[in-house]
Each structure stands twice: as structure tokens, then as C-alpha cells.
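Have a look at the structure below before the remarks.
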Amino acid sequence: MKKQAGFTLIELMIVVAIIGILAAIALPAYQDYTIRAKVSECSGIIAACKTSVSEYYASENGLPADSDAAGCATTETQYCGAPSVAAGVITVEANTDTGLPGACNLVMTPAADVTSWEGSTTCDSKYVAATFR
């Protein structure tokens with residue numbers, strides 16, 4: 001009786017098919033993950049600006065009227081626009097370099113005494129952090 005020296009063609013084709021199925025599932029999930037990581041940069045910009053707005057409120061006993069009064073950074077990043085502040089409400093635009101089909105906004109609105117914040121967005125909810133859903 002002759003021993004089998006390797007894999008048969010059918011066995012190799014089954015392995016290739018399994019790898020193809022796994023790749024078809026993994027690639028879209030990875031693309032969503034990379035977009036979410038890029039959009040999270042905008043969340044970091046908002047977090048820094050929230051600190052500035054809170055400090056303004058503590059020292060002036062009111063909400064800042066604009067970004068200059070709040071003292072927020074005005075520089076844009078590769079994936080996010082500069083934060084804008086209007087009556088304490090912070091808005092950052094995630095641009096299309098993130099891989100999103102269009103630009104979208106992340107908005108943080110303070111409570112009256114700036115002890116809590118409420119997030120909202122125009123982005124698809126699968127791309128943003130839980131605070132914006």
C-alpha cells in the first residue's frame with residue numbers, strides 16, 4: 001500500500017475557500033475600525049476644548065461666546081477641523097479624509113452649570129464613541 005505524501009487538491013481548495021470567507025468578513029470590520037479610530041481623534045479635540053469651556057465657566061460664571069473666548073485650540077488636524085464654540089456648545093467636523101462618505105459633525109452641549117455634557121452627531125453611529133450616540 002502506497003502512503004499519501006501530501007495534501008490532495010480538494011483539501012487545498014477547502015483551505016483556500018475558508019481563508020477567503022474569513023477575509024471577506026474581516027476586511028469590512030477592519031475598515032470600520034480604522035474609520036472609527038480616525039473619528040476618535042475628533043473626540044480628543046472636543047475633550048481638550050471641554051476643559052477650556054469648563055475653566056471659562058468657573059472663572060467668568062458664564063459660557064464663552066466663541067472659540068477665542070473659550071481658549072480652545074484653533075488648529076486643524078489631518079482628520080478633524082478646528083473646534084468651534086458658540087455659547088458653550090463645541091462643534092468639531094470630521095472630514096472626508098477619515099474614510100467617511102461625507103463630512104460629519106461631533107457636537108458637545110454643556111448643561112447649564114457645565115457639570116455634565118451631552119453629545120450628538122451627524123455621523124453614522126458605528127463610527128463614533130458612545131458619548132455621541
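Criterion first (out of contact with any Leu (no Cβ under 6 Å at 6 or more places or on another chain), open to solvent by 40 Å² or more (accessible area, probe 1.4 Å), modelled with pLDDT of 90 or more and of a type outside the set (Ser, Thr, Tyr)) does Ile45 satisfy it? So Ile45 does not fit the description; no.
Of all the listed residues (Ala65, Ala48), the sole one being assigned to a helix (DSSP H, G or I), aliphatic (A, V, I, L, M) and out of contact with any Gly (no Cβ under 7 Å at 6 or more places or on another chain) is Ala48.
When you scan segment 76-83, do you find a residue that is surrounded by 16 or more Cβ atoms within 10 Å (Cβ to Cβ), in contact with a strand residue (DSSP E or B) (Cβ under 6 Å, 6 or more places away or on another chain) and over 13 Å from Ser40 (Cβ atoms), even just one? Among the residues of segment 76-83, at least one is surrounded by 16 or more Cβ atoms within 10 Å (Cβ to Cβ), in contact with a strand residue (DSSP E or B) (Cβ under 6 Å, 6 or more places away or on another chain) and over 13 Å from Ser40 (Cβ atoms), which makes the answer yes.
The set of residues in segment 84-103 being under 15 Å from the mean Cα position of the chain (by Cα), open to solvent by less than 60 Å² (accessible area, probe 1.4 Å) and not aliphatic (A, V, I, L, M) consists of Thr91, Asn95, Thr98, Gly99, Gly102.
In segment 16-33, the condition of being touching a Leu at 6+ places or on another chain (Cβ under 8 Å) and part of a helix (DSSP H, G or I) is met by no residue. Residues in segment 17-42 that are open to solvent by 60 Å² or more (accessible area, probe 1.4 Å) and over 23 Å from the mean Cα position of the chain (by Cα): 5 in all. I'd like the residue in segment 104-127 that is in contact (Cβ under 8 Å) with a residue 12 or more places away in the chain, in a loop (DSSP other than H, G, I, E, B) and in contact with a strand residue (DSSP E or B) (Cβ under 9 Å, 6 or more places away or on another chain) and, out of all such residues, is nearest to Pro64 (Cα to Cα). Selected residue: Thr122.
The values are calculated or read from the model by the stated rules, or taken from the named source; none is laboratory data. Given the structure is predicted, the values throughout are model-derived calculations rather than measurements. Reconstructed Cβ throughout: ideal geometry from the backbone, glycine too, with neighbour counts over all protein chains shown. What goes into the accessible areas is simple: the full protein's heavy atoms, side chains included, and nothing from ligands, DNA or RNA. Shrake-Rupley method; radii C 1.70, N 1.55, O 1.52, S 1.80 Å.
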